[in-house]
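Notes to accompany the following structure.
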Amino acid sequence: MEKALFCKNLSEMPGIPMLPGAKARFIHSQNMSLVYWDFEPGAGMTEHAHPHEQILNLLEGSFELKVGSQTLRLESGSVLVIPPHVPHSGTALTACRALDVFYPVREDFQKKQAEYHLKAEGRG
């Protein structure tokens with residue numbers, strides 16, 4: 001039996017507010033999560049860690065990221081691999097667009113996405 005394919009234009013997907021000044025668009029497969037971020041200048045994330053492998057691809061802008069004891073300034077086109085369980089935090093130095101790829105699936109993000117859609121439909 002052939003599995004259904006997922007094909008959608010990102011511009012048709014709502015940006016879900018996840019952090020002050022940051023919205024995300026999510027795509028989940030059976031094993032991975034992709035998160036397309038839009039950050040306003042100065043928006044950031046507090047230090048956190050998770051059991052997922054993460055690959056961050058900064059598509060546009062400048063972003064300062066602290067990973068473990070290292071502080072990095074990422075520019076458009078930068079790609080960074082963050083191993084599981086490594087603490088990290090960051091701040092958008094300019095307006096930024098980024099793509100995060102996670103393995104395995106970020107179930108916490110799936111839940112937030114579902115809650116957002118229920119609320120948007122007046123059912124949450």
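Laid out as a table, the results:
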{"read-out": "Failed item in (1) modelled with pLDDT of 95 or more; (2) of a type outside the set (S, T, N, Q); (3) out of contact with any Gly (no Cβ under 6 Å at 6 or more places or on another chain); (4) over 17 Å from Q110 (Cβ atoms), with E40 passing the rest", "value": "(3)"}
{"read-out": "Which listed residue, of G122, G90, G77, is in a loop (DSSP other than H, G, I, E, B), over 16 Å from S33 (Cα atoms) and at pLDDT 95 or above", "value": "G77"}
{"read-out": "Enumeration of residues in region 97-124 that are among the hydrophobic types (A, V, I, L, M, F, W, C) and either within 17 Å of T46 (Cβ to Cβ) or over 13 Å from the mean Cα position of the chain (by Cα) (or both)", "value": "A98, F109, A114, L118, A120"}
{"read-out": "Which listed residue is of a type in the set (A, V, I, L, M) and exposed (fewer than 12 other Cβ atoms within 10 Å of the Cβ), from L56, L65, L5, L72", "value": "L5"}
{"read-out": "Count - residues of region 8-60 that are among the polar types (S, T, N, Q) and part of a strand (DSSP E or B)", "value": "4"}
{"read-out": "Residue in region 87-107 that is farthest from G15 (Cα to Cα), counting only those that are without any contact (Cβ under 8 Å) to a residue 60 or more places away in the chain and surrounded by 14 or more Cβ atoms within 10 Å (Cβ to Cβ)", "value": "H88"}
{"read-out": "Checklist (1) within 27 Å of Q110 (Cβ to Cβ); (2) over 15 Å from the mean Cα position of the chain (by Cα); (3) of a type in the set (D, E, K, R) applied to R73, failing item", "value": "(1)"}
{"read-out": "All positions within region 6-26 that are within 19 Å of K119 (Cα to Cα) and either in contact (Cβ under 8 Å) with a residue 24 or more places away in the chain or over 9 Å from the mean Cα position of the chain (by Cα) (or both)", "value": "E12, M13, P14, G15, I16, P17, M18, L19, P20, A22, A24, F26"}
{"read-out": "Residue within region 80-98 that is touching a Phe, Trp or Tyr at 6+ places or on another chain (Cβ under 9 Å), within 12 Å of L59 (Cβ to Cβ) and among the hydroxyl-bearing types (S, T, Y) present", "value": "no"}
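The values are calculated or read from the model by the stated rules, or taken from the named source; none is laboratory data. Note that this is a predicted model, so its numbers are computed, not measured. Here the Cβ is made from the backbone with ideal geometry for all residues, glycine too, and neighbour counts use every protein chain on show.
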